[in-house]
Each structure stands twice: as C-alpha cells, then as structure tokens.
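What follows is one structure encoded as structure tokens, with my remarks underneath.
The values are calculated or read from the model by the stated rules, or taken from the named source; none is laboratory data. None of the values given here were measured: they were computed from a predicted structure. In this analysis, Cβ positions are derived from the backbone assuming ideal geometry, glycine residues included, and neighbour counts consider all displayed protein chains. Remember, those area values only see protein heavy atoms, side chains included, never the ligands or the DNA or RNA. Shrake-Rupley method; radii C 1.70, N 1.55, O 1.52, S 1.80 Å.
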Amino acid sequence: MTSTAAPADLAGAGPAARSSTWLVPCAVVAMTAILVAAFWDFSWHRSVGRDTFFTPPHCVLYFGAVLACFTSAFAVLRATTDVAGVSDGVGVFGLRGPLGAFVTGWGGVTMLTAGIFDDWWHGAYGLDILIQSLPHMAIFTGMLGVAGGGLLLAVSRANTVPERATRARAVIAYMGGVWLTLVLAGFLEQMFVYLMHGARFYCVVALTVPGILSAVSRASRLPYGASATALVYTVCTWLAIAVLPSFSTAPRLGPVFHPVDHFVPPPFPILVLPPALALDWLRPRLAERSLWVRAGLEGSAFLLLFAALQWPFASFLQTPWADNRFFVGNEFAFFQAAGSLPVRRLFYATEASALQFWLGLGLSLVLAVVTTSLGIAAGEWLRKLQR
Amino acid sequence: MRPATLFLCLCASTFAVMSDARAHIGSPDIVYEGSAGPYPLSVAVAPPETVPGLARATLRTTSDTLDAIEIVGVPIEPQDHAPRADLAVRDPGDPKTFTASLWIMTPGTWKVRVRARGRDGVAELAIPVPALPGAPGVMSTELALLLGILAALIVAGAVGILGAAQREAQLVPGAPIPADNRRRARRSMLVASAVIGSVLLAGATWWDDTAGRHRALSYRPTALTAWLDDAGRLFLALEDPGWLARRPDDLVPDHGHLMHLYAVRVPGLDRVLHLHPDLQSPGRFGRDLPALPSGRYRLFADIVHASGLAETLVSEIELPDVPGRPLAGDDSARAVPGISTPAASGPVPLDDGSRMTLEPAGTLRARRPLSLKFRVTDANGAAVGDLVPYMGMLGHLAVIAHDLGTFTHVHPSGTVPMAAFSVAQASDATSECAPTPPDDPARARPPASEVAFPYLFPRAGRYRLFAQVKRAGRVLTGAFDVQVSAP
C-alpha cells in the first residue's frame, strides 16, 4: 500500500526534494536548449546541408545534454552522500536521487554516446541528410530522456510542494509541450504536408499525440492541461517559423535543386489545439468511467476532430494562399527537386489502394484509443509521484 | 588449324579480374596541370573514401597575380543552382599553395569547379572527380569497446531506473518499501529488459539493412572479358554488373579512341602493348595483335562513359605464341628487360637509336605531388628537339606497380582523361565565366625534347614507368623502374 501524503514544507525535506528547487529550472533550460537545437538543426540540414560535429545547432544540443548530465549527477551525488538527511529520492544501483534526475542524466549520457556513434556512422556510411537513421534515433531517445526527466522533476515538485504547485504545473504544461514537440520532430519525415492525405500520417499522429496530451493533462492537474500542452507545441513551432527565415544563409552542399537564401523554417504546426480542447472538455465528464471507456471516447474524439480539421487544412497549405511568412507553404529544402511532389503541390498516396487507406485509418483509430489508455494510466501514475 | 593451337586458343583463359576498376587502379588521386585562364594551376584532388564524404584538394600556382581561389564540388551535369563556394585556404608556409575540402554527396561523377580571382580577372576551371562509394567502414576495436561499455551502462541504467520508479517513486520520503512494490519492481525490470532487448535487436537489424543498402551502392566496376580467336585477333567484351545509370555501350572517344588498352606480360612486365581496339558491336571490341611471345598478359582498358565517368577495366589472358600482324594506327608495342633484371641506371635505349632519361632520378616519395620528366637525346647526347604529338599529347605515361596493385595512364596534363575533362567544362547557369578549354592539340608547339607528367604515387613500392613519345612518325617506348619511399 503506497502513501501519497506530501510533506508540509521544503525545509524539512530530504536532499533530493531540496535539489528540485534548482534542478527544475536547470531541466527547463536544458530542454529548451535541446528544443531550439532540434528546430535549428532541422533547418540547417534543409538550408545549409553541411553537417559536422561542431555545427552551431549541434553545440547547443551538446550544451543541453551536458547541462542535464552535470546537474543530475550533482543532485544524485549530493543525495547519495547526505546520510544524515531524510531518505528521499529513489535508489538505482546504490545511488539515490530524484527519479527525474536519474532519467535526465540517463538521457544526457545517451545523447552524448549516440553522438560518438553518429560521428563514426558518417565515416562508415557517409554523411547523412536523414532524420531517421539509427544513431539519430538513439540521440532522439536521449533527448526524450532529458525532456522526460525534466517533466518528472516538475511533476514530483508539484505533487510534494503545494505552495509552489501552481508554478510547477505551468512548468509541467511547458515541459509536456516541449516533449510533444520533440516527439513530433522525430517523426517529421512522415508528417510533411504532401503526406497529409494518407492514412500513415494519421497513424503517426495517433501513435504520439493523444497519449502525451492525456498523460500531461492529468499530471498537471490543470483544467486545460491538454490545451496548454498543445498550445506550447503550436507556439514553439510557430516561433521557429517566425525567427529562422530572418537569418540569411546559402546551401553549402551540392546538388542544389531549389535556391535558398535563408534558414528554411519547419512546416506549419499540425492542428492539435482544437482536439486538445475537446480532450479537456471531455476529461472531467468521463472521470467516473472505466479506463477503456475514457480511452475509447477521448481517443476517438481526438482523432476524428483532428482528421476533420487537418485534412482540409492540408489542402489549403497546398494552395498559393499559404505562400507567406505565416503558413510557409512555399518553403522547401535546397535538395527538393523542382519536379518533386511537394514542390508541385501534389499529395502522395502512402497507401496503394482505397482499401489499404481505410484500413489504415481504422488502424489510426485503434492506435489513438490504445495510446490514450496508456496516457491515462501514465497520467494517473504521475499524479502520485513523490520522489 | 592444329588441334593443339585450337586447344590453346580455346583455353585462352579469360580471367575477368574483378579488381578495383576505377579510373586507374590503386591510384585514386586526381592530378591535373593546366591553367584557369591566365593563372597556371596544378591541382591534386583526393576523392572521398565514402560517399557522401569529403574530397580534399590542393592547388598550386606559379602566378604572382592570383589573389584568391574559390572552389566548390557539384555534379558533373550542368546545374541550374550551385552551393556557395568555399574560399581555398592559403598555406601559411607557401603562399602559392591553397587547400580546400569538398563535400561530395552522391555516387557518380562530380566536378570540382575552381574559380581563380586576381589582377588578371576571373577564370574558371572544372576538374572531373569520381564519386565511387567503397565498402562500408569497420568500427575499430577500441571504439566498439567504448561504445559497448557505454551502451551496457545505458541499458542497465534504463532497467534500474524503471525498477526504482515502480519500487519507490510513489512513496513519501522516509516511508519503508512494501514487499509488493519490490515484487512489482522486479517484474517491471524483467519486462523492461525484454523490451529493451527487442529494441536492440530491431536496431541491429536496421544497422544490417543500412550496411546492406550501402554495399548495394558500392561501386562495381564494368567487367572485362578477353579472348583470342584462331586468327590471332583479340576480342574484349564489356559487361555491366549494374551500378547507377552506367552502360557498357555509352562510351565517348578519348583523344580519338573509345578504348585505350595497355597489355603487359606478367610477372616480368617485359612486354608492353598500347592498343586501340575497334568497336565491333555495342560493348564488344576487337583488335589484331602484333607478334607476341606466349605468356600471361594483364590487360588494362581505359574507357570514358558519356556521363564523364572514367574507368580502367582489368582482365588477364593467357596467350600462346602469336604470329600477329603489323601494328596499325596509333598502336605501339615494345619488348624491354624484365623487372627481375637489375635496373639499369642512366638513359635507356629507344628503338630508333635515341635514348630517354628520367628526371628526377633517385628516391621518390609517395603521396607527394611531383613531375616526372623524360628527356630524349640522340646517340651523341644532344636533345633531339623533334618530338611530335602522339594522339594529341606530347607523351603518354603508364605507371604500373611491380605487384600490379597500381596502374595509371598519365598525360602531360595529369591523370584526368581528356574526354571526362571536356564533359566537365560544359558551362551552366552557375558559372561566372566560361571554363578554360582543354589544351588544343593542334596548337603549334616549339620543338620538344622532353615531356613532363604530373603525378602522385599512391604508396611506397617499386613501379615500372612506360613513357611513350613520338618522333619521325614512330612511337618510342622507354621503360624505367623506380623505388618510391614512404611519405
């Protein structure tokens, strides 16, 4: 039987809890650095192309990883060696510290190790321009670890320090939004506009978004937790759209098929905010239902509303009306050939037949329900996080 | 025909030696000596070892008016757009030497576009560079050990953290850990281990798949098969194993011939032939052989595809005594002392009584650009002064390592086949000015007694150099053995 009563104040708390006062801000800085680096590096690949170990976005990424590693290591060492204090934090192979610190540190070590692997990979298989290579996915896993650890730190702080809960919950929504943004960045190659009339796109969204929104909204205890998380994703993405093209650059790799004279921004954010609002509206009204009823209704509502909005919006993004600094419908990488589907504003059928398409949409519905159930369970677990 | 002869002809083994048949064998560096407009330039380019990868260029000039060199790598086909060029870095120890790195991103043929700026204006030069991906690299033991240890720590860390989360994360500080929690934690760690193991297995499969795709892109040379018919005519068949858009019937003439064939008797390298087989049908060539003694002959066939990709195809053939026919056209042949014979120092005699000398004499070093100068003198030691172009060049040089691991066909302009060079010079929308045309063979030259070849020996070892010049309508071949030391 677990006890979830929180200590009254921080002064009597153990070393792990005390370290959360500076660990959480450090985690926010690390996560923000990683997010900035992710947007910048993606743009760098599409605008400049030339990729070395120490490009500016890579340096920002290493900063985030190193900050996560060092602050977590410091917190764990302090908690482990403070034998006179209250035994708090969790134990991992003889070390003690906040759970979030272990996860953040793990994420940082994974990122740096994967970076070494990625450098070797380029020498063995050539310089890559893909997001989804094996070492990139390992780096991506580390990034999610850093972000996830930060989220755990903020959640445990909100759960254990009621006086600071309001600010901590806002931090949870921000970190959840960063987490969502990073996850979607990892699947960007399946989420370009010209793929948005295929079932695969909706499967990817169903696999990622509703689960995260469900977990973060419950963990934050905010009435509009899902909406806040979705808003963070939307604002962060659109800030990248607004800022990046302000800086001029030129491709440094051939062949160049599309002239580029500034940093190419990411695609317009997908419309997760309206279905997130629907989730926030549904959640209290389904609070007494079983897990699978909640997951079924919330997951279905999310996906159906999302599809109803995103499908026509994708068509709009393919028109000349989207060719402006706000919707960035006319922004392409330098390696995008003039005759390619994206440049010609044509959709690509990711399924070979109508049957496969509808089966794919059916699969996306199932995925939305399953991931929502996992998100609900994770959110409930996070609400009880103490260490 | 006597049965024995027929048997030998039929047994004229056609060894398709599937060696590294890039342009030249075992000598990947591109060396070019010419000019960009008014600025003399010597260029050496080391192609990338992997594709995509980095090529490294070294440029030397003798000009005092050259201020800067911009350099960029682009595909050899005319481009509508080009990446921003890099400024070559001037060597602090030698202000007339510049270096640059070039990013070569796709397999095929690329060109290095050199833009020289100075007080005499702007001029461009384009040098073809092959982008031929090799086999995927192998991880060193040290790095594999380091990454293995780190990966083990990361996996153990993930399992331990998941267990800790289940065991204690929801307990208030100071609360004892219930037995239920410990059991749940152990179960979670077991499940996590299985999941992580599956993920690692999937990752290993992905790695294998990537390596397989890279191997599929690895350069595969055009195969060459050779055989002799009973009339003493040599036939050669080209077969493409499938690599990019290359075909065996898309060849372009290189100074007048679709194929330049060097044949040397091995292992002594005591017979050398420089032949120009005729096209019989798409991908098939034939040529009458001159009189030849029996033996095993290594064949090196230089071709250039329409894309500008240059290849040297390799094969071997066991020949009987060939009665042969007189040499025709630009063909040449010579018998020379074998490499096992102690190397003679000083001038070597040529067939017309003149002599040829190699400068510099003495020890040469690998990986160092140099100029191999051959001087022809008459029997009295006076410079002949009457060398004439042989297939548009003042001379041709074949560099063959004694262990046959290197073969390069070099011209006074370097190792770049002229046909590939011409393809690279086609200007496009991204050129600032028309590229410098290749040297015009019809241009009148002052009487010549010597010819120089820019070259870069790829590795230490012993090499035989076959230098060919032409005087009085006769092709003359001199053979030299050199010892090349480590860099």
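Between rounded, prolate and oblate, where does chain A land on the alpha carbon gyration tensor, with a ≥ b ≥ c its root eigenvalues, rounded for a/c under 1.5, else prolate if a/b exceeds b/c?
Because a/c hits 1.5 or more and a/b fails to exceed b/c, chain A counts as oblate.
For the protein assembly as shown, what does the equivalent ellipsoid look like in terms of its semi-axes, each the square root of 5 times an eigenvalue of the Cα gyration tensor, given largest first in whole Å?
Computed over the protein assembly as shown, the values are 68, 28, 27 Å.
Under a cut-off of 27 Å between alpha-carbon atoms, report the lysines in cross-link reach of B:Lys373, not counting same-chain residues fewer than 8 places apart.
B:Lys96, B:Lys470
At q = 0.06 Å⁻¹, what log₁₀ I(q)/I(0) does a Debye calculation on the Cα points of chain B give, no solvent, two decimals?
-0.37
Hey, got the Cα dimensions of segment B:178-221 along the principal axes, in Å, largest first?
Projected onto the principal axes, the Cα atoms of segment B:178-221 cover 68, 8, 6 Å.
Please give the total accessible area that chains B and A bury against each other, computed with a 1.4 Å probe and expressed in Å² to the nearest 100.
Counting protein atoms only, the buried area is about 4500 Å².
Given segment A:168-315, what whole percent of its Cα pairs are spread farther than 21 Å? Intermediate values should be presented prior to the final figure.
Details: 5261 of 10878 pairs.
Of all Cα-Cα distances in segment A:168-315, 48 percent exceed 21 Å.
How do B:Lys96, A:Lys384 stack up against each other in accessible area, from largest to smallest, with a 1.4 angstrom probe? Mind dumping the intermediate values first?
On the way: B:Lys96 70, A:Lys384 95 Å².
So, going from the largest accessible area down, we get A:Lys384, B:Lys96.
Sort A:170-178, B:371-379, A:214-222 by the packing proxy (mean of other Cβ within 10 Å over each peptide's residues), most packed first.
Ranked from most to least packed, the peptides come out as A:214-222, A:170-178, B:371-379.
When a/c is below 1.5 the answer is rounded, else prolate if a/b is larger than b/c, else oblate, so apply that to segment B:233-324 with a ≥ b ≥ c taken from the square roots of the Cα gyration tensor eigenvalues.
prolate
Long-range amide H contacts for B:Val51: which residues qualify at under 5 Å (H placed 1.01 Å from N, peptide plane, sequence gap of 5 or more or a different chain)?
Result for B:Val51 returns B:Gly134.
For peptide B:154-163, compute the average count of partner chain beta-carbon atoms within 10 Å of each residue's beta-carbon.
5
Efficiency by 1/(1 + (r/R0)^6): what FRET value for A:Phe347 and B:Ile149, r their Cβ-Cβ distance, R0 = 56 Å, to the nearest 0.05?
That gives a FRET efficiency of 0.75.
Could you pull out every residue, at least 5 positions away or on a different chain, whose amide H is within less than 5 Å of the one on B:Lys96? Hs are placed 1.01 Å off N in the peptide plane, and Pro or chain starts have none.
Amide H neighbours of B:Lys96, under 5 Å, 5+ apart: none.
How many angstrom lie between the Cα centre of segment B:196-247 and the Cα centre of segment A:224-274?
Centre-to-centre (Cα) distance: 41 Å.
Counting only other chains, and only Cβ atoms inside 10 Å, what mean value do you get across the residues of A:112-125?
Per residue, the average neighbour count from other chains is 5.
So if we plug the beta-carbon distance of A:Asp119 and B:Ala328 into 1/(1 + (r/R0)^6) with R0 = 45 Å, what FRET efficiency do we get, rounded to 0.05? Spell out each step's value before the answer.
Details: r = 57 Å, r/R0 = 1.26.
Rounded to the nearest 0.05, the efficiency is 0.20.
Roughly how many Å is it from the Cα centre of segment A:287-348 to that of segment A:87-119, as a whole number?
Answer, in whole Å: 35.
Along the principal axes of its C-alpha atoms, what lengths does segment B:92-232 span, in descending order and rounded to whole Å?
In descending order, the Cα extents are 89, 63, 24 Å.
Relative contact order for chain A: what percent, with Cα pairs under 8 Å and sequence separation of 6 or more?
21 percent
Check B:Lys373: other-chain or 5+ apart residues with amide H under 5 Å from its amide H, H built from backbone geometry?
When sequence neighbours closer than 5 places are left aside, the close amide H contacts are B:Glu359, B:Phe453.
Using alpha-carbon positions, what is the distance between the centroids of segment B:106-135 and segment A:159-222, in Å?
Taking the Cα centre of each part, segment B:106-135 and segment A:159-222 sit 47 Å apart.
Quick one: P(r) of segment A:48-177 from all Cα-Cα pairs, 10 Å bins, percents rounded to integers, in order of increasing distance.
Percent of pairs per bin, in order: 13, 35, 30, 16, 6, 1.
Counting only complete DSSP H runs, which helices of chain A cover 18 Å or more along their long axis at the Cα atoms and score a mean Kyte-Doolittle of 1.0 or above?
Qualifying helices, which must be both long enough and hydrophobic enough, are A:56-81, A:134-160, A:165-186, A:199-220, A:225-243, A:291-317, A:354-383.
Hey, what's the protein assembly as shown come to in accessible area per residue, 1.4 Å probe, Å²? The partial results should precede the final answer.
Numbers: 35790 Å² over 874 residues.
Solvent-accessible surface per residue comes out at 41 Å².
With every protein chain left in place, what is the accessible area of A:Thr181 in Å² (1.4 Å probe, nearest 10)?
Rounded to the nearest 10, the figure is 10 Å².
Using the Karplus curve 6.51 cos²θ - 1.76 cosθ + 1.60 with θ = phi - 60°, work out ³J(HN,Hα) for each residue of segment A:345-351 in order, rounded to whole Hz, and write x for Gly and Pro.
Working through the residues one at a time gives 6, 10, 7, 9, 7, 6, 10 Hz.
Read phi for every residue in segment B:67-80 and hand back ³J(HN,Hα) as whole Hz from Karplus 6.51 cos²θ - 1.76 cosθ + 1.60, θ = phi - 60°, with x for Gly and Pro.
9, 8, 10, 9, 9, 8, x, 9, x, 5, 5, x, 10, 7
Inside 10 Å of the C-beta atoms of B:64-77, what's the mean count of C-beta atoms belonging to other chains?
Other-chain Cβ atoms within 10 Å of each residue's Cβ, averaged: 1.
Can you list the HN-Hα couplings for segment B:462-478, worked out from phi with the Karplus curve (6.51, -1.76, 1.60; θ = phi - 60°), rounded to whole Hz and with x for Gly and Pro?
Whole-Hz 3J(HN,Hα) from phi for segment B:462-478: 9, 10, 10, 10, 9, 9, 10, 10, 9, 8, 6, x, 10, 7, 10, 10, x.
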